[in-house]
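Student: The structure follows.
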Amino acid sequence: MSFLPVTRKDMEERGWQELDFIFVSGDAYVDHPSFGPAILCRLLEKHGYRVGIIAQPDWHSTKDFASLGKPRLGFLVSSGNLDSQLNRYTAAKRLRHDDSYSPGGKAGFRPERAVLVYTAKLRECWGREVPIIVGGIEASLRRFAHYDYWADEVQPSILSQCEADLLVYGMGEHQLIEIAAQLHQGVEIQNIQDVQGTCFRVPNFDYIWDYEAIASFEQVRKSKAAFAEAFRSEYLEQDAFRGKRLAQQNGSWCIVQNPPALPLSTEEMDEIYDLPYMRTWHPMYDKAGGVPAIREVKFSITAHRGCFGGCNFCAIISHQGRIIQPRSDASILREAKIMTEQPDFKGYIHDVGGPTANFHRTSCEAQLKRGTCHGKQCLSPDTCKNLVADHSGYLALLRKLRQLPKVKKVFIRSGIRFDYLMLAKDDFLRELCEHHVSGQLKIAPEHISDRVTRLMGKSGSRVYRRFVEKFTRMNQQMGKKQYLVPYFMSSHPGSQLEDAIELAEFIKEMGYHPEQVQDFIPTPGTLSTCMWYTGLNPLIGQQVYSAKSHEEKAMQRALMQFWLPDNYDLVRKALEKAGRCDLIGYGAKCLIKPEKKNGRKTDKQAGSKAEQGIARGRKGSGEKVRGSSKHSHDKDNAKHDNKKGNYKNRKKLVK
């Protein structure tokens, strides 16, 4: 077992003069099943294809793009586990200073809009000689005309912009194996138009059949109502069983989307995760200190894919889909045993889960026959009567893992859906608190205002409060001091100042002190982004308010950390603007005092550091960013979106 070739020397050592496929990736090469390129390349390898990897090529010349020669069947191109714009810029559109998917965690190893840049360089190097197939989160979520937050404009399909021949959306395994087989049989790339989970381009609608047309790029660029209606069609047809073929004219190209790929069976999932991964970064990164992204996932296990949670700001619905695709217990146990033999394994499995850890089975039996419900969600705004809330299979798996030799503890860190937990009549919470919490449990209520949570696709505040009470009682009964680590989001569509203040009051009431907060980022392909850009909920046509000015976004963010001195002026300004001066004072429920302490400047004097930062288009406080995906990865799979949440000044359990 060895790493896949990254140089000519590697090829020669294998006796290869030519590769079948070359994967060009915006990420460093990490041969681990939490990284999309590793999965796809290892799967192609198992099916008999010779595969090499060009990781993070220097895009200023064609040298790296020619380094492995011309592949026999084609180039595969991905910007990496995150959209390259999200990877490069913060919510305030500032350059990030680090990149966990690059050597040493340093930024600058990938270009902006990497898919466009990489395909252009490949064409410059090889002309039209070799097929180019693009995929990954960036290509997947930009497959139709989309709103780009960083350019602040509607952009055409990435397939109409780049030099690729075919676009794979979703996770990609089914598609790549089928495309590879057709190419191997001599089918020309332009004639591969029947693979589910792919998009191709033709001059106009006359070249296709049996499709539903959506508003053109030119129409959605001019009309927000047309954009919302087009997105509605895309969103509702995102199903492998009942989804229709969609087509959209983008300038001189008509982009055609076939229905999504079928969900992977348990046997197929096992095949993928049983492949011979090296489970670490390539040795060429040793001098740089390795690739930080693996630290969160090296001793974690992906138990399933998919999520029926329906969070509207998350890209997982459009990438992994809503249907849960579990692995078998036997496959998971095999991976766990391999993990325990690693020299740096300390006895702790850090996570066993997916986009949502406790979604370990399909939400109902009918999904695998007829697909997901058209226009309906499983948990929001109301729980579907057909939802099966059952943790029994997940509990059985966790118990088996706890019994393995060398395993001291099995944690769940990828987050749980607390509303689903509250519906289940089993012992999951008890065993969770007793065995699987490492002192802190991640949960994601995201907001506390019912108006906002409804637009997020999340459960309301009453469900969250009941869960907090149940979690607290359970830990008290066990004599444990364990804490909830809730994620909250500012400036999501629908959130006005009064909603942000309601959240701040709740944070104070519960005694939370989030060190970092996350500001909503309108990433391509999500329902929330459509609402943010158009001002409409595309599913029902209702108008939606969004905070877009630097000042209001800064105020909403500052309210989540109202106790910080640098946020004082912004918090006071927000309270005064909302007519909530009752929260300025010395009472138990007040957020801030009438004046700053310790001789600091008052709000009548020069603006705080936070305000000054916003005036320059900067952030005034810490920012926590959700990947495009936990998604994600997206998490591209469950581990592609590695969130960290640290909370300080905890003096007691949550009330």
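The values are calculated or read from the model by the stated rules, or taken from the named source; none is laboratory data. Because the structure is a prediction, the values reported are computed rather than measured. Cβ sites come from the backbone with ideal geometry, for glycine too, and all protein chains shown count toward neighbours. What goes into the accessible areas is simple: the full protein's heavy atoms, side chains included, and nothing from ligands, DNA or RNA. Shrake-Rupley method; radii C 1.70, N 1.55, O 1.52, S 1.80 Å.
Student: Among (1) modelled with pLDDT of 95 or more; (2) open to solvent by 20 Å² or more (accessible area, probe 1.4 Å); (3) in contact with a Lys or Arg (Cβ under 9 Å, 6 or more places away or on another chain), where does Arg572 come up short?
Tutor: Of the numbered conditions (1) modelled with pLDDT of 95 or more; (2) open to solvent by 20 Å² or more (accessible area, probe 1.4 Å); (3) in contact with a Lys or Arg (Cβ under 9 Å, 6 or more places away or on another chain), the odd one out for Arg572 is (3).
Student: To continue, here is another question. Against the conditions (1) among the charged types (D, E, K, R); (2) crowded, with 20+ Cβ neighbours inside 10 Å; (3) farther than 16 Å from Ile412 by Cβ, where does Lys298 fall short? Just the number, please.
Tutor: Against the list (1) among the charged types (D, E, K, R); (2) crowded, with 20+ Cβ neighbours inside 10 Å; (3) farther than 16 Å from Ile412 by Cβ, Lys298 comes up short only on (2).
Student: Mind checking whether some residue in segment 545-553 is over 15 Å from Ser491 (Cα atoms) and either at pLDDT 95 or above or open to solvent by 20 Å² or more (accessible area, probe 1.4 Å) (or both)? Steps first, please.
Tutor: Taking segment 545-553 and keeping what is over 15 Å from Ser491 (Cα atoms), we get none.
Within segment 545-553, not a single residue is over 15 Å from Ser491 (Cα atoms) and either at pLDDT 95 or above or open to solvent by 20 Å² or more (accessible area, probe 1.4 Å) (or both).
Student: Find all pairs meeting these conditions: Cβ atoms under 7 angstrom apart; at least six residues apart or on different chains; first residue within segment 332-347 and open to solvent by 90 Å² or more (accessible area, probe 1.4 Å); second residue of a type outside the set (A, V, I, L, M).
Tutor: Hits for this filter: Arg334/Asp274.
Student: Just the residues that are over 24 Å from the mean Cα position of the chain (by Cα) and crowded, with 22+ Cβ neighbours inside 10 Å, please, taken from segment 430-460.
Tutor: Of everything in segment 430-460, just one residue is over 24 Å from the mean Cα position of the chain (by Cα) and crowded, with 22+ Cβ neighbours inside 10 Å, namely Leu432.
Student: Okay, next question. Please tell me if Gly371 is at positive phi and at pLDDT 95 or above. Don't jump to the end; show me each part of the working.
Tutor: Working: at positive phi: yes; at pLDDT 95 or above: no.
Judged against the criteria, Gly371 is not a match.
Student: Looking only at segment 207-215, decide whether some residue is within 28 Å of the chain's Cα centre (by Cα) and buried (at least 19 other Cβ atoms within 10 Å of the Cβ).
Tutor: Yes: one or more hits.
Student: Filter segment 356-393 down to residues that are within 22 Å of Leu264 (Cβ to Cβ) and basic (Lys, Arg) and give me whichever is least open to solvent (accessible area, probe 1.4 Å).
Tutor: Among those residues, the one meeting the criterion is Arg361.
Student: A further question follows. Please tell me if Ser318 is open to solvent by less than 10 Å² (accessible area, probe 1.4 Å) and polar (S, T, N, Q).
Tutor: Values: open to solvent by less than 10 Å² (accessible area, probe 1.4 Å): no; polar (S, T, N, Q): yes.
The answer is no for Ser318.
Student: Hey, another quick one. Among the residues of segment 150-159, count how many are more than 18 Å from Gly197 (Cβ to Cβ) and either surrounded by 22 or more Cβ atoms within 10 Å (Cβ to Cβ) or basic (Lys, Arg) (or both). Spell out the reasoning first.
Tutor: Filtering segment 150-159 down to residues more than 18 Å from Gly197 (Cβ to Cβ) leaves 150-156.
Those still in the list that are either surrounded by 22 or more Cβ atoms within 10 Å (Cβ to Cβ) or basic (Lys, Arg) (or both) too: 156.
So the count comes out to 1.
Student: Let me ask you something else. Considering only residues of segment 280-298 that are within 18 Å of the chain's Cα centre (by Cα) and in a helix (DSSP H, G or I), which is farthest from Gly353 (Cα to Cα)?
Tutor: Pro292
Student: What number of residues within segment 126-145 are more than 17 Å from the chain's Cα centre (by Cα) and either surrounded by fewer than 24 Cβ atoms within 10 Å (Cβ to Cβ) or under 27 Å from Phe35 (Cβ atoms) (or both)?
Tutor: Narrowing segment 126-145 to residues more than 17 Å from the chain's Cα centre (by Cα): 126-134, 144-145.
Filter again for either surrounded by fewer than 24 Cβ atoms within 10 Å (Cβ to Cβ) or under 27 Å from Phe35 (Cβ atoms) (or both), leaving 126-134, 144.
So the count comes out to 10.
Student: Same structure again: Within segment 154-204, restricting attention to residues that are out of contact with any helix residue (DSSP H, G or I) (no Cβ under 8 Å at 6 or more places or on another chain) and β-branched (Val, Ile, Thr), which residue is farthest from Ile39 (Cα to Cα)?
Tutor: Only one residue tops the list, namely Val202.
Student: I would also like to ask the following. Within segment 171-201, track down each residue that is open to solvent by 10 Å² or more (accessible area, probe 1.4 Å) and more than 22 Å from Arg50 (Cβ to Cβ).
Tutor: Scanning segment 171-201 gives Met171, Gln190, Asn191, Gln193, Asp194, Gln196, Arg201.
Student: If you go through segment 149-163 one residue at a time, do you hit one that is under 26 Å from Gly321 (Cβ atoms), touching a Pro at 6+ places or on another chain (Cβ under 6 Å) and not hydrophobic (A, V, I, L, M, F, W, C)? Explain how you work it out, then say what you get.
Tutor: Keep residues of segment 149-163 that are under 26 Å from Gly321 (Cβ atoms), which gives 149, 154-162.
Filter once more, so that each one left must be touching a Pro at 6+ places or on another chain (Cβ under 6 Å): 149.
Narrowing the set further to residues that are not hydrophobic (A, V, I, L, M, F, W, C) leaves 149.
Checking segment 149-163: at least one residue is under 26 Å from Gly321 (Cβ atoms), touching a Pro at 6+ places or on another chain (Cβ under 6 Å) and not hydrophobic (A, V, I, L, M, F, W, C).
Student: Here is a further query. Determine if segment 395-407 includes at least one residue that is open to solvent by less than 60 Å² (accessible area, probe 1.4 Å) and farther than 27 Å from Ile332 by Cβ.
Tutor: No: segment 395-407 contains no residue that is open to solvent by less than 60 Å² (accessible area, probe 1.4 Å) and farther than 27 Å from Ile332 by Cβ.
Student: Further, regarding this structure: Collect the residues in segment 538-557 that are among the polar types (S, T, N, Q) and touching a strand residue (DSSP E or B) at 6+ places or on another chain (Cβ under 8 Å), keeping them in residue-number order. First the steps, then the outcome.
Tutor: The first filter runs over segment 538-557 and keeps only residues among the polar types (S, T, N, Q), leaving 542-543, 546, 549, 556.
Those that are among the polar types (S, T, N, Q) and touching a strand residue (DSSP E or B) at 6+ places or on another chain (Cβ under 8 Å): Gln542, Gln543, Gln556.
Student: Limited to segment 264-279, what total is found for residues that are in a loop (DSSP other than H, G, I, E, B) and open to solvent by 30 Å² or more (accessible area, probe 1.4 Å)?
Tutor: Here is the first cut: in segment 264-279, the ones in a loop (DSSP other than H, G, I, E, B) are 264-265, 274-279.
Those left that are additionally open to solvent by 30 Å² or more (accessible area, probe 1.4 Å): 265, 274, 276, 278.
Within segment 264-279, residues that are in a loop (DSSP other than H, G, I, E, B) and open to solvent by 30 Å² or more (accessible area, probe 1.4 Å) number 4.
Student: Something else: Which one of these does Ser252 not meet: (1) more than 30 Å from Lys222 (Cβ to Cβ); (2) open to solvent by 10 Å² or more (accessible area, probe 1.4 Å)?
Tutor: Tallying (1) more than 30 Å from Lys222 (Cβ to Cβ); (2) open to solvent by 10 Å² or more (accessible area, probe 1.4 Å), Ser252 fails exactly one: (1).
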